[in-house]
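J.: Can you keep this structure in mind? I'll have questions shortly.
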Amino acid sequence: MIVDKAIYRDGARETITGDISDAFAAARADGDCFLWIGLHDPTQEEFDLITSEVTLHPLAIEDAIHAHQRPKLERYDDTLFVVLKPLRYVEEGSDIEVGEINLFLGDDFVISVRHGRANPLTGVRRRIESDPDLLAAGPAGVLYAICDQVVDTYSRISHEVEADLIALERRVFSGQDADVIEAIYSLKREVLEFRAAQDPLVPVLEEIVKGRVELCSVAREQFRDVLDHLLRVDAAVDEHNELLTSALSAHLALVGREHSAAAMQQNADMRKISSWAALIAVPTMIAGIYGMNFDHMPELHWLLGYPFSLTVMVIAVIIVYRMLRKSGWL
């Protein structure tokens, strides 16, 4: 659907009340202006209304309608096609929602196509409408304002992710949260989505800053400032990803140490049990032999046979006990 359309002339907004044809006709009536049409999840029929007034490349139109593109900048004759990935941070689940903005820019028009809930364009319109310098830059000023807003959102979300990471590290080293590994994987997945949104934007802005995009040459200094902010965000996201990998390794090491300690304790317990079983086995064996009640057995009718057998049992137990103590089993 078409959410907004306006002509910007002499630093002021002129709202168009008619259809798309009226908007382009009004813009063409005075060459010193540009038209900005905003769409949200447009259909092919709505795009046909625009392509009937301005020539857009079919491949770029297909990308804009179906979305799911990575950030990029492409040139089609006199038209630029730019894809940006705005983000939205959901505090309830520490989730990062990824949207998409597709921009068609010409000398006298801007067509913005938005997908998803992340929407920085309303604030951008208000910003450029209150800033004569941005309006004077024309479509390049609009692209700069959108990129600046998107990157500012990246910076805020980076701080939110950092806070989540600090809280996660505390959970890891507290040793009291067995489910922390799921939280680590969840946050790492969000960070990777973050990287996929912002990392490809770096070469796009570098292309503009190096002066290779003629349409944006009037705002190169502004784009350089946005690029500087984006590079800081890019470094922070890389750091977050590495810290999450380290947190995962630390958690697995702590779990492994706990399992190893438990295994060692279990082994020590088993050795003690085996030792006591060995101590009991010696007198049990002797008592078992003399408890068979055969008529012809050595010392069976000997007066000292009973105390002798008890003495042998005690001595044998003492010898076995000392051997087990010396070996560390007891």
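Values in this text are rule-based calculations from the coordinates and carry no lab data. All figures in this text were calculated on a predicted structure; none of them were measured in a lab. Because the Cβ atoms are built from the backbone with ideal geometry, glycine has one as well, and the counts that use them run over all protein chains shown.
J.: With the crude spin-label approximation of a point 7 Å out along Cα→Cβ, what separation in nm comes out for Leu252 versus Ile318?
T.: It is 5.5 nm.
J.: Which residue, Pro307, Leu73, Val180, has the largest displacement toward the positive end of the dipole of the chain when charges sit on each Cβ (Lys, Arg +1; Asp, Glu -1)?
T.: After comparing all options, I get Pro307.
J.: Full extension from Ala136 to Glu91: what is 0.36 nm times the residue separation minus their Cα-Cα distance, to one decimal in nm?
T.: 12.4 nm
J.: Between Lys272 and Phe173, what length comes free when the chain is fully extended (0.36 nm per residue of separation minus the Cα-Cα distance, one decimal in nm)?
T.: Here the segment from Lys272 to Phe173 would lengthen by 32.4 nm.
J.: Report the dimensions of the range 126-210 along its three principal axes from the alpha-carbon atoms, largest first, rounded to Å.
T.: Per principal axis, max minus min of the Cα coordinates gives 59, 27, 16 Å.
J.: Which length gain, in nm to one decimal place, applies between His66 and Tyr306 when the Cα-Cα distance is subtracted from 0.36 nm times their residue separation?
T.: Taking His66 through Tyr306 to full extension adds about 76.6 nm, to one decimal.
J.: Moving to a separate point now. Write down, largest first, the equivalent ellipsoid semi-axes of the range 1-137 in whole Å, where each equals the square root of 5 times an eigenvalue of the alpha-carbon gyration tensor.
T.: Values: eigenvalues 124, 70, 38 Å².
Rounded to whole Å, the semi-axes are 25, 19, 14.
J.: List the longest stretch of the chain that has no exposed loop site; here a site is one of the chymotrypsin sites (Phe, Trp or Tyr not before Pro) assigned by DSSP to anything other than H, G, I, E or B, with at most 14 other Cβ within 10 Å. Mind dumping the intermediate values first?
T.: Details: sites that count: Phe294, Trp302.
Within the chain, the longest run free of exposed chymotrypsin sites (Phe, Trp or Tyr not before Pro) spans 1-293.
J.: Still on this structure: Using only the alpha carbons of the range 73-154, what is the convex hull's orientation-averaged projected area in square nanometres?
T.: 5.6
J.: State, to one decimal in nm, how far the label point of Ser327 lies from the label point of Glu45, with both points 7 Å from Cα in the Cβ direction.
T.: Going from the Ser327 label point to the Glu45 one covers 8.9 nm.
J.: If you don't mind, another one. If you take the charge dipole of the range 117-169 about its Cα centre, with +1 on Lys and Arg Cβ and -1 on Asp and Glu Cβ, which of Pro132, Cys147, Ile166 is farthest toward its positive end?
T.: Pro132
J.: Taking every eigenvalue of the Cα gyration tensor of the range 165-227, multiplying by 5 and rooting it, what semi-axes result, largest first, whole Å?
T.: 42, 11, 6
J.: Only four residue types carry charge here, +1 at the Cβ of Lys and Arg and -1 at the Cβ of Asp and Glu. Report the dipole size of the range 77-153 about the Cα centre in Debye, rounded to the nearest 20.
T.: So the dipole magnitude of the range 77-153 works out to roughly 200 debye.
J.: Across every pair of different alpha-carbon atoms, what Kirkwood hydrodynamic radius in Å does the range 1-78 reach?
T.: Values: mean 1/r = 0.0725 Å⁻¹.
Roughly 13.8 Å, rounded to one decimal.
J.: Once every Cα of the range 1-42 carries one equal point scatterer and solvent is ignored, give the base-10 log of I(q)/I(0) from the Debye formula at q = 0.17, 0.31, 0.34 Å⁻¹, two decimals.
T.: Result of the Debye calculation: -0.41, -1.12, -1.25.
J.: Could you estimate the translational diffusion coefficient of the chain from the Stokes-Einstein equation, with Rh from the Kirkwood formula over C-alpha pairs, at 4 °C and 1.567 mPa s, in whole µm²/s?
T.: 51
J.: Based solely on its DSSP helices, what 222 nm [θ] is calculated for the chain when runs of n ≥ 4 H residues each add -39,500 (n - 2.57) and the sum is averaged over all residues, nearest 500 deg cm²/dmol?
T.: Counting only the DSSP helices, I get -20500 deg cm²/dmol.
J.: Assigning unit charges at the beta carbon (Lys, Arg +1; Asp, Glu -1) and nothing else, what dipole magnitude in debye, to the nearest 20, does the chain show about its Cα centre?
T.: Rounded to the nearest 20 debye, it is 2600 debye.
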